[in-house]
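What follows is a set of notes on a single structure, which appears directly below.
The values are calculated or read from the model by the stated rules, or taken from the named source; none is laboratory data. All values reported here derive from a predicted model rather than from experimental measurement. Positions of Cβ are backbone-derived with ideal geometry, glycine not excepted, and every protein chain shown enters the neighbour counts. Heads up: the accessible areas ignore ligands, DNA and RNA and are worked out on the full protein's heavy atoms, side chains in. Shrake-Rupley method; radii C 1.70, N 1.55, O 1.52, S 1.80 Å.
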Amino acid sequence: MKHIRVLVAGGALAALAAGYGLFGKAGSAPTTVPQGVVAISTQPEAGPRVQRVASASIAVGAAPAQVEAQVRQAYPLLRDVAFGCDARGCAVTATIPPPTDDAFLAKRQEMLLGGLARTVEALGYAASGPVQMEEISENLFHIRLAVVQGRPRG
């Protein structure tokens, strides 16, 4: 009986020694692991502290249908108003019919010199360049205003 107690005590001591060898003591230097072997540590490692940055207020652009409706309302002279994205980016496109009178010409000039850009900026988009015009027949123009979404509103 005495031999069994000695064997059990010896086995327990051997198990403690093996456990110490596997886990090491707290604060000991990490063992090197051969390349290609995954080592899992029981102690969490302190990672770098990440500072939280206050998010900038970003305006989310309006839905395409809302942009089209707002542009049509601001510039009823435009035909085939569309808002969409393709390989060149997002843009508002439309057709300008031939002028009918001086008021039409004044409204067209105001639109081309920044009015259209201000209209889409109010909806959460910003013009990324000037209005591009292409004459598709005599006095009939197709326009394209490239826009980007999410500019901060000021």
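Among the residues making up the stretch 69-81, those that are in contact with a strand residue (DSSP E or B) (Cβ under 6 Å, 6 or more places away or on another chain) and open to solvent by 40 Å² or more (accessible area, probe 1.4 Å) are Arg72, Arg79, Asp80. Note down all Cβ pairs under 8 Å where the first residue falls in the stretch 102-121 and is closer than 26 Å to Ala65 by Cβ and outside any helix (DSSP H, G or I), the second is open to solvent by less than 70 Å² (accessible area, probe 1.4 Å) and modelled with pLDDT under 90, and they're at least six residues apart or on different chains. Nothing qualifies.
The rows are residues; the columns are (1) open to solvent by 20 Å² or more (accessible area, probe 1.4 Å); (2) under 35 Å from the mean Cα position of the chain (by Cα).
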{"site": "Ala87", "(1), (2)": "yes, yes"}
{"site": "Ile96", "(1), (2)": "no, yes"}
{"site": "Pro99", "(1), (2)": "yes, no"}
{"site": "Asp102", "(1), (2)": "yes, no"}
{"site": "Lys107", "(1), (2)": "yes, no"}
{"site": "Met111", "(1), (2)": "no, yes"}
{"site": "Arg118", "(1), (2)": "yes, yes"}
{"site": "Glu121", "(1), (2)": "yes, yes"}
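For the stretch 42-68: of the residues being touching a Phe, Trp or Tyr at 6+ places or on another chain (Cβ under 7 Å) and open to solvent by less than 50 Å² (accessible area, probe 1.4 Å), which is modelled with the lowest pLDDT? Looking at residues that are touching a Phe, Trp or Tyr at 6+ places or on another chain (Cβ under 7 Å) and open to solvent by less than 50 Å² (accessible area, probe 1.4 Å), I get Gly61.
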